[in-house]
Structure formats: C-alpha cells, structure tokens
Amino acid sequence: MHASETRATAYTTIGGDVVHELEIKRSRFITYLRRVDTEEQARELIAELRATYHDARHHCSAFIVGADRGVQRSNDDGEPSGTAGAPMLEALSRRVSHGTDADLSDVVAVVVRYFGGVLLGAGGLVRAYSESVSTALDAATFVRRQRMRLYDVATDLDVAPRLENDLRTQQHRVLGTDYSPTASGLIRPVVRVAVPDEPAAAEALITQLATHSAGAAEATQTGTEWVDL
C-alpha cells in the first residue's frame with residue numbers, strides 16, 4: 001500500500017525472523033515469524049515451510065499486512081475450523097508492542113504441528129496455537145515504522161556542514177548530503193531530510209531552515225516514505 005493510500009502514519013513490525021517450539025501433550029508446535037511487505041511474501045514463507053516440513057500434519061498460518069492492517073488472513077490447514085488460524089491471527093492483531101495500542105503489522109506466523117498421538121480437543125487446540133504465536137512474539141524484537149516526508153534542501157557549500165549538524169541537533173532525520181556538481185559545474189550541496197508526515201513537523205523544518213540558514217537553504221519536498229525508526 002502506497003503511503004498516500006493509508007490513513008496510518010506509524011505502526012509496529014518485527015525486527016527479524018523468530019523460530020520458537022512448544023511441546024504440548026507430545027505434539028510439537030514449531031512457530032515461525034517473519035517480517036513481510038506483501039501478501040505474496042507471506043504465502044512464500046508458508047509454501048517454503050510446507051516443503052521443509054513436508055512430513056508434518058499441519059502448517060497453519062496467519063498474517064497481517066499494510067500500515068492500516070488492511071490485509072488479514074488465516075488458515076487452519078486441516079485442523080477443526082476456527083481452532084488454529086483464527087487464534088493465531090488474534091494473537092498477532094492484539095499484540096501491544098508500542099505504547100498502549102495494538103498496531104503490529106507486516107508479519108506472518110506459521111505454526112508447523114507434528115501430531116503426538118493425543119487429541120487436544122477444540123479448546124486445547126485454540127490455546128495451543130494462540131500460545132505458540134504469543135510466546136514466539138515474546139522472543140521477537142520490534143521496530144517502529146513511521147511515514148516521513150522527504151525533503152531535498154539545497155544550500156551553499158560553506159553552509160551545508162553547519163546546517164546538517166543543526167538539523168540533527170533538532171532531531172530531524174538527515175539521510176545524507178549530496179555534493180555532486182550541478183549541470184553548470186558548480187557544487188551546491190543537497191541535504192536530504194526526513195520529517196514525520198504531519199503539517200506541524202513540516203512547518204517546523206521550514207521555520208528552522210529560514211532561521212538557521214539566513215535564506216541560504218531551499219527545501220523541496222520529494223515524496224513520502226516509510227522509515228524504520
């Protein structure tokens with residue numbers, strides 16, 4: 001989903017892959033968590049684990065994709081309806097990893113089950129699959145993502161180093177400075193800056209540029225981008 005198509009300005013995802021195993025009444029529940037950008041990537045992990053654990057009885061899955069969490073899917077993969085995929089999805093969707101809001105997204109969970117010979121019943125399965133994902137999430141690291149406005153700030157050669165330092169001091173994200181010569185051969189540095197995609201943050205940047213550069217800095221918005229904080 002493109003930044004302009006979503007109302008969310010920030011959300012949380014996981015920082016890397018997690019593998020966690022539980023044994024419940026002799027059944028093995030092997031949980032994989034992976035960060036994904038698309039539904040296609042989520043389904044690729046499911047297919048990968050089906051091939052890797054081809055002898056397992058079940059490969060149940062759930063995933064949430066998009067800043068607004070607009071794509072949510074789950075699959076019981078042969079377990080009684082509603083006993084695997086749904087509780088897995090609930091464990092993902094209700095996870096609070098930043099502040100007080102549940103906003104986890106861009107994550108897929110796959111639980112591979114090797115049946116141990118003991119029937120768990122519907123309630124037991126719900127608890128087992130929910131616990132499998134929840135305990136895997138307990139072992140995960142989390143990353144805050146924020147939608148940022150990108151600006152190219154063109155300035156004079158002697159102003160650029162001080163300007164870059166001032167921007168960092170004011171907690172703006174400086175993505176780098178381009179010292180490439182212009183078409184005329186002159187070097188006019190361009191400082192690339194990212195600020196939260198909110199009017200107040202953009203206004204603060206423009207005000208700071210006017211104050212600290214004495215008119216020597218010119219800001220041009222170049223788009224928006226999701227940035228890991």
With respect to Ser93, is the statement that it is among the polar types (S, T, N, Q), under 22 Å from Asp138 (Cα atoms) and either free of Cβ contacts under 8 Å to residues at least 12 places away in the same chain or surrounded by fewer than 18 Cβ atoms within 10 Å (Cβ to Cβ) (or both) true? yes
Given Val111, Val126, Val143, Val118, which one is under 20 Å from Ala47 (Cβ atoms) and of a type outside the set (Asp, Glu)? Val111
Taking strands (runs of 3 or more DSSP E) that fall entirely within the stretch 48-150, which contain at least 3 residues that are among the small types (Gly, Ala, Ser) and touching a strand residue (DSSP E or B) at 6+ places or on another chain (Cβ under 6 Å)? none
Matching entry among Arg50, Arg73, Arg69 (being more than 27 Å from Gly121 (Cα to Cα), in the same structural domain as Arg95 (by TED's automatic domain parsing), surrounded by 14 or more Cβ atoms within 10 Å (Cβ to Cβ) and not polar (S, T, N, Q)): Arg69
Any residue at all in the stretch 211-226 that is at pLDDT 90 or above, surrounded by fewer than 16 Cβ atoms within 10 Å (Cβ to Cβ), assigned to a loop (DSSP other than H, G, I, E, B) and polar (S, T, N, Q)? no
May I ask you to verify whether Arg57 is out of contact with any helix residue (DSSP H, G or I) (no Cβ under 7 Å at 6 or more places or on another chain), in the same structural domain as Arg28 (by TED's automatic domain parsing) and under 19 Å from Ser134 (Cβ atoms)? no
In the stretch 151-163, the residues that are crowded, with 18+ Cβ neighbours inside 10 Å and either in a strand (DSSP E or B) or at pLDDT 95 or above (or both): Tyr151, Val153
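The values are calculated or read from the model by the stated rules, or taken from the named source; none is laboratory data. Small disclaimer: the values here were computed from a predicted structure and weren't measured. In this analysis, Cβ positions are derived from the backbone assuming ideal geometry, glycine residues included, and neighbour counts consider all displayed protein chains.
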